[in-house]
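First up is the structure itself, then whatever we jot down about it.
The values are calculated or read from the model by the stated rules, or taken from the named source; none is laboratory data. Everything numeric here is computed off the predicted structure, so don't read it as measured data. Backbone-built Cβ (ideal geometry, glycine too); neighbour counts: all protein chains shown. Heads up: the accessible areas ignore ligands, DNA and RNA and are worked out on the full protein's heavy atoms, side chains in. Shrake-Rupley method; radii C 1.70, N 1.55, O 1.52, S 1.80 Å.
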Amino acid sequence: MRVVLLRRNSFPANAGTEKYLPEKSILVLETEQTQRKKLVKEVCTLSQKNPNLDSVIKNRTLLDHIIVDEEHRLLYCYVPKVACTNWKRLLMVLMGKANTTNPLAIVADDSHRLNVFRRLDNYTGEEIRYRLDHFMKFIFIRHPFERLVSAFRNKFGQNSSSSDYFRSRYGRQIVKQYRTNASEESLSRGHDVTFREFVQYIIDPRTVARANFNEHWRPMVDLCLPCTIQYNVIGKYESLMDDAWLVLEKANLNQKVSFPRSDRPSSTNSLVEEYTKHLTREELLHLYHIYEMDFRLFDYHSPGFD
C-alpha cells in the first residue's frame, strides 16, 4: 500500500539522490567495523545481563525496533534520534512504499506510521532465526548524551504535534513531580520543562521501575540488543554518510539508491556541554549509569568522567 504524501517545492528534484563516495577507503571502513564489533563482543562478554535468543524470541516485543526488508534481505534496527527518519524514508523507496525515488520528498511523519513496515516481532520463532542468520543486519548509534539532548530539544522544545503530545504526556508529569511552586499554566500545559527536570525524571528510580522508557530516550542497548544480535554493520552518527554508504555497498544497493544528505548538519554535539553543565555531579553520574552500556559498547566518553 502506498501511503506517502510528498512535500511540495521543499527540495530540488534530485535532492537526496546524488551519488555519494566515502572519504575513507572500503578497507578502512571495514577495519573500523571489525574494531567496533570486537569491542561490542568484549563488553558483552563481561556483562551478566545479556538475554539469549531463546528468551528474546519468547518475549518478541523486544524485536519491535527491527524493520524487515524481505526483498533486499535487510534487518535495520532503528534508534530514534540517530538518522532513523532518513533510513526509513530510504527503505520506503527501496521497498516500493513511496511514489517517489527521492527519500527527502517523503513527509517525515509518513515514515514513522505504525503499519508502513513489518517488524521482526511479527514473525514466528523459526522465521526470526532464519532472518537473523541470513539477512544483513545493521544499526546506527550516537553518543548517548547527545542523543538525549536531541530528544529533549525535539520533543519538548519545538512547536509540533509531536511536541504537543510529549508535553502533555510527559511534560505535565515532570513539572508536577520535580518543580516546586509550579504555575497553573506549567502544570496544565507542561510546555516549559527544563533539561535538568527532564534528567531528574530519567534518573528517578520510580521512573525506571514503573515502565520502559519512551523509545526516544530508551538506551540503545535495550532497543537493539547488540549483545544478542550480531550486527553486520554498526554505523555511527559521527560518520553517518560513510557508514551508510558501506551498508548499501554490502547490500549491493549503491547503484539503486543513495543515503540522503542533510543540508542542516546537527548542532547537538556542541550543545551537550551547555545542557549538562546545569546538572550536579551526582545527577550526571546517575545519568551515566542509566546509559553506561551504551557508552561502553560503542566507545563513547561521558562529560566529567574521562
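Quick one: which residues, 5+ away or cross-chain, put their amide H under 5 Å from the amide H of Ile141? H built at 1.01 Å from N.
Distant-sequence amide H within range of Ile141: Gly235, Lys236, Tyr237.
How far apart, in nm, are the 7 Å Cα→Cβ label points at Glu282 and Gln48?
2.7 nm
So if R0 is 30 Å, what FRET efficiency would Asn214 and Val107 give, r being the distance between their Cβ atoms, rounded to the nearest 0.05?
That pair, Asn214 with Val107, gives E of 0.85.
Taking 7 Å along the Cα-to-C-beta vector as the label spot, tell me the Tyr20-Asn99 distance in nanometres, rounded to one decimal.
Between Tyr20 and Asn99, the label points sit 2.8 nm apart.
Take every Cα pair under 8 Å in the chain that's 6+ residues apart, average their separations, divide by the length, and report that relative contact order as a whole percent.
28 percent
Helix-derived [θ] at 222 nm for the chain: sum -39500 (n - 2.57) over DSSP H runs of at least 4, divide by residue count, nearest 500?
My calculation for the chain gives -13000 deg cm²/dmol from helical runs alone.
If amide hydrogens are placed 1.01 Å from N in the peptide plane, which non-local residues have theirs closer than 5 Å to the one on Arg118?
Result for Arg118 returns Val68.
Pull up all non-local amide H partners of Gly157: gap of 5 or more, or a different chain, and H-to-H distance under 5 Å with H placed in the peptide plane.
Hits under the 5 Å cutoff: none.
Phe117: net charge of surrounding residues, Cβ under 10 Å, Lys/Arg +1, Asp/Glu -1, itself excluded?
Taking every Cβ under 10 Å from that of Phe117, the sum is +4.
Using θ = phi - 60° and the Karplus relation 6.51 cos²θ - 1.76 cosθ + 1.60, list the HN-Hα couplings for the stretch 234-239 in order, rounded to whole Hz, with x at every Gly or Pro.
Listing the rounded values in order: 10, x, 10, 4, 5, 10 Hz.
Using a 1.4 angstrom probe, figure out how much accessible area the chain has per residue, in square angstrom, rounded to the nearest whole.
Averaged over the residues of the chain, the accessible area is 52 Å².
For a protection proxy built on the mean count of beta-carbon atoms within 10 angstrom, sort 84-91, 33-40, 253-260, 235-242 highest first, please.
Highest mean packing first, the order is 84-91, 235-242, 253-260, 33-40.
Can you list the HN-Hα couplings for the stretch 196-204, worked out from phi with the Karplus curve (6.51, -1.76, 1.60; θ = phi - 60°), rounded to whole Hz and with x for Gly and Pro?
Along the stretch 196-204, the couplings run 5, 5, 4, 5, 4, 5, 4, 8, 5 Hz.
For a quick protection proxy, order the peptides 221-234, 140-153 by their average other-Cβ count within 10 Å, most packed first.
The densest-packed peptide leads the list: 140-153, 221-234.
List, in order, the whole-Hz ³J(HN,Hα) value for each residue of the stretch 39-51 obtained from phi through the Karplus relation with A = 6.51, B = -1.76, C = 1.60 and θ = phi - 60°; use x for Gly and Pro.
Taking θ as phi minus 60°, the curve returns 5, 4, 4, 5, 5, 5, 4, 6, 7, 9, 10, 7, x Hz for the stretch 39-51.
Using packing as a proxy for protection, rank 184-195, 62-73 so that the peptide with the highest average count of other Cβ atoms within 10 Å comes first.
Peptide ranking by packing, descending: 62-73, 184-195.
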